[in-house]
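Visitor: I'd like to ask you about the structure that follows.
A short reminder: the numbers here are calculations on the coordinates, not readings from a lab. Values in this document were obtained by computation on a predicted structure and should not be read as measured data. Cβ atoms come from the backbone with ideal geometry, glycine included; neighbour counts cover every protein chain shown.
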Amino acid sequence: METTIKLTNSPIFKFTRILPKRVGIQLYVVILIQIIAGFLDLIGLIAIAFIGTLTVKSMQSKGFRFRMEEILLILGLFNLALQKQVAILGVLAGVLVLSKTIFSILIIRKTKSLLGQRYLKFQVSLIKNYWVRIFSLSELNLLKKPYLPSQLEFHC
């Protein structure tokens, strides 16, 4: 039995159908930005793993593999001492992971604000329509006969 995931069945797709088209597109852009920002975390973790590999290989007194030398050459760290290589890679990893976190916080705040405003507008229009239907002037007969507040009777 084969299971397929359809885009139209996803909760995100259903949610964006409720929203205006412009807001739905903005939401998809935010999702795409979050996915791209996730790669900053991935690169930071790769840098941390590379630090571990670098230190283990240097402690074993074995030569670096070709790929490690290539990466160090690309980063311009090949001729530096091990301590400087580790320090620079550690700072790079920290900056990548921290920048992704800050970037995500800003995006989430903006998205929360956008959806909060949309939700508020939706609630206001819903309440307005509800109260207009309940208390319409024609249903209360206020246009036919003017009442004084003392003449109104309330029945429970």
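Visitor: Please check which bits of segment 73-104 a label hung off residue 42 would reach, taking the label as a point 7 Å along Cα-to-C-beta and the cut-off as backbone N under 19 Å.
Guide: 93-104
Visitor: Mind ordering 34-41, 124-131, 46-53 by average Cβ neighbours within 10 Å, highest first?
Guide: 46-53, 34-41, 124-131
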